[in-house]
Amino acid sequence: METAYDGRQVVGMDLHRRRSVLVRMTEDGRRLGAVRITNSPLELTAAIARAGKSPKVVLEATYGWYWAADTLAAAGAEVHLAHPLGVKAFTYRRVKNDRRDAADLADLLRMGRLPEAWIAPAGVRELRELTRYRHKLVDLRTSCKDQVHGVLAKLGVPVTCTDIFGVAGSAWLDGLGLPQPYAGKVASLRHLTGELTGEITMLSEVIADLLAGDRGYQVIQQLPGIGPVLAAVIIGEIGDVTRFRNAAQLCSWAGLTPRHRESDTRVARGHVTKQGSRLLRWALIEAVQHVPADTLAGGVKAAIIARRGKEAKNIAKVAAARRLLTLVFYGMRDGQIRCLAGHRPDPPARPA
């Protein structure tokens with residue numbers, strides 16, 4: 001039975017693929033009502049209308065949350081997005097159901113204890129959709145190429161070309177005369193590789209046009225190792241850089257800072273957290289793979305390897321990626337990277 005209430009309501013929404021549960025409560029935690037809906041903008045708009053004017057609504061950043069957040073915002077709600085890692089403790093309750101999950105989300109929001117995720121605006125979501133899709137297509141193309149090499153290895157055919165998918169390599173493959181079914185598989189994989197290349201090229205052009213007027217996109221390409229493709233990934237994954245107070249906060253959000261565990265007088269610092277955007281970390285690590293030692297990020301990597309040996313090359317790459325992300329922060333925020341103009345790298349430290 002629903003209770004009459006004239007104040008501002010707090011709503012927790014447990015979102016699923018087909019159905020969702022909404023629990024409404026007062027700002028002091030009194031339960032007002034709950035409803036289960038079939039997912040659709042029409043039903044969600046009707047359900048949130050019961051919460052009065054400008055309710056505060058929280059839902060988890062789970063599968064397919066875009067439509068729900070947009071529908072709620074269009075209905076006049078103040079939308080909050082719960083970070084999945086922050087509400088993971090719900091899974092350890094003795095009794096767990098959709099209404100309890102929605103109510104717990106609402107409780108965290110009204111008490112000011114909600115671990116929030118950023119709700120990216122439509123433009124950032126569109127850019128992410130393009131860059132992430134392009135990345136997946138590149139992975140698929142790489143898989144196709146690897147399978148061709150695998151077929152040749154099975155047949156004991158030595159590869160004599162540097163790139164078997166280039167002009168000379170394609171002519172070489174045409175003249176091999178492989179037996180069936182291997183010839184058919186190679187022909188299919190080569191066809192798929194060509195189709196994927198066309199799609200990837202088209203997406204690259206669309207992304208470049210979309211970011212043509214973005215000052216941060218142009219500036220961060222001044223950094224060694226960052227070209228148009230990686231710059232687009234970085235811009236899309238970070239979004240609005242001003243939501244971070246400083247570069248250290250951005251590095252922490254990206255999962256490039258060490259874990260910190262402290263209890264009583266014992267402090268333990270471990271590997272990087274690897275939380276945040278996996279694609280952003282990939283782009284930064286990819287960018288520092290071959291940067292020269294006379295650059296800011298390259299100098300960090302060279303100094304660590306010189307001090308700790310080649311066994312620490314992965315640690316050095318992460319440290320260099322963190323330094324690179326720091327420079328990206330200032331480039332996106334200020335529209336320029338001042339330290340690049342007069343940089344004179346320090347020589348690598350000599351091993352102890």
Within region 232-259, residues open to solvent by 50 Å² or more (accessible area, probe 1.4 Å) and of a type in the set (D, E, K, R) come out as ASP240, ARG243, ARG245, ARG259
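Going residue by residue through region 25-42, is there one that turns out to be of a type in the set (Lys, Arg) and in contact (Cβ under 8 Å) with a residue 60 or more places away in the chain? Please lay out each step first, then the result.
Keep residues of region 25-42 that are of a type in the set (Lys, Arg), which gives 30-31, 36.
Right, trim to in contact (Cβ under 8 Å) with a residue 60 or more places away in the chain and you get 31, 36.
Yes, there is a match, as at least one residue in region 25-42 is of a type in the set (Lys, Arg) and in contact (Cβ under 8 Å) with a residue 60 or more places away in the chain.
Could you check, for region 177-193, whether at least one of its residues is within 19 Å of TYR133 (Cβ to Cβ) and in contact with a helix residue (DSSP H, G or I) (Cβ under 6 Å, 6 or more places away or on another chain)? Walk me through it before giving the result.
Our first condition is that a residue be within 19 Å of TYR133 (Cβ to Cβ); within region 177-193, this holds for 192-193.
Okay, now just the ones that are also in contact with a helix residue (DSSP H, G or I) (Cβ under 6 Å, 6 or more places away or on another chain), so 192-193.
Looking through region 177-193, at least one residue is within 19 Å of TYR133 (Cβ to Cβ) and in contact with a helix residue (DSSP H, G or I) (Cβ under 6 Å, 6 or more places away or on another chain).
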For region 61-75, does any single residue satisfy the condition of being modelled with pLDDT of 95 or more, over 22 Å from PRO115 (Cα atoms) and surrounded by fewer than 17 Cβ atoms within 10 Å (Cβ to Cβ)?
yes
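Counting only residues that are hydrophobic (A, V, I, L, M, F, W, C) and in a helix (DSSP H, G or I), which one in region 210-231 is surrounded by the most Cβ atoms within 10 Å (Cβ to Cβ)? Full working, then the answer.
Here is the first cut: in region 210-231, the ones hydrophobic (A, V, I, L, M, F, W, C) are 210-212, 219-220, 223, 226, 229-231.
Those left that are additionally in a helix (DSSP H, G or I): 210, 219-220, 229-231.
Numbers: LEU210: 18, VAL219: 22, ILE220: 24, VAL229: 19, LEU230: 20, ALA231: 26.
Here the answer is ALA231.
Filter region 109-143 for residues that are hydrophobic (A, V, I, L, M, F, W, C) and more than 25 Å from the chain's Cα centre (by Cα) and give the result. First the steps, then the outcome.
Narrowing region 109-143 to residues hydrophobic (A, V, I, L, M, F, W, C): 109, 111, 114, 117-120, 122, 124, 127, 130, 137-138, 140.
Correct list: MET111 only.
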With respect to the numbered conditions (1) crowded, with 17+ Cβ neighbours inside 10 Å; (2) within 17 Å of TYR5 (Cα to Cα); (3) at pLDDT below 95, which one is the sole condition not fulfilled by LYS56?
(3)
Can you tell me which condition LEU114 does not meet? The list is (1) surrounded by 15 or more Cβ atoms within 10 Å (Cβ to Cβ); (2) part of a helix (DSSP H, G or I), and all the others hold.
(2)
Looking at CYS339, is it part of a helix (DSSP H, G or I) and either at pLDDT below 90 or in contact with a strand residue (DSSP E or B) (Cβ under 6 Å, 6 or more places away or on another chain) (or both)?
yes
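Per-residue answers, yes or no, for (1) in contact with a helix residue (DSSP H, G or I) (Cβ under 7 Å, 6 or more places away or on another chain); (2) of a type in the set (S, T, N, Q); (3) closer than 30 Å to GLY177 by Cβ; (4) at pLDDT below 95:
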{"position": "ASP107", "(1), (2), (3), (4)": "no, no, no, yes"}
{"position": "LEU140", "(1), (2), (3), (4)": "yes, no, yes, no"}
{"position": "CYS144", "(1), (2), (3), (4)": "yes, no, yes, no"}
{"position": "VAL151", "(1), (2), (3), (4)": "yes, no, yes, no"}
{"position": "PRO158", "(1), (2), (3), (4)": "no, no, yes, yes"}
{"position": "ASP163", "(1), (2), (3), (4)": "yes, no, yes, yes"}
{"position": "VAL167", "(1), (2), (3), (4)": "no, no, yes, yes"}
Filter pass, LEU196 being open to solvent by less than 70 Å² (accessible area, probe 1.4 Å) and at pLDDT 95 or above
yes
Among the numbered criteria (1) at pLDDT 90 or above; (2) assigned to a loop (DSSP other than H, G, I, E, B), which single criterion is violated by LYS274?
(1)
Taking the condition of being open to solvent by less than 80 Å² (accessible area, probe 1.4 Å), touching a residue at least 40 places away in the same chain (Cβ under 8 Å) and of a type outside the set (D, E, K, R), how many residues in region 261-285 meet it?
6
Total residues in region 307-337, condition in contact (Cβ under 8 Å) with a residue 40 or more places away in the chain and open to solvent by less than 30 Å² (accessible area, probe 1.4 Å)
10
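The values are calculated or read from the model by the stated rules, or taken from the named source; none is laboratory data. Nothing here was measured: the structure is a model prediction, and the numbers come from that model. Positions of Cβ are generated from backbone atoms using ideal geometry, with glycine treated the same way; all protein chains shown enter the neighbour counts. For accessibility, only protein heavy atoms count, side chains too; no ligands or nucleic acids. Shrake-Rupley method; radii C 1.70, N 1.55, O 1.52, S 1.80 Å.
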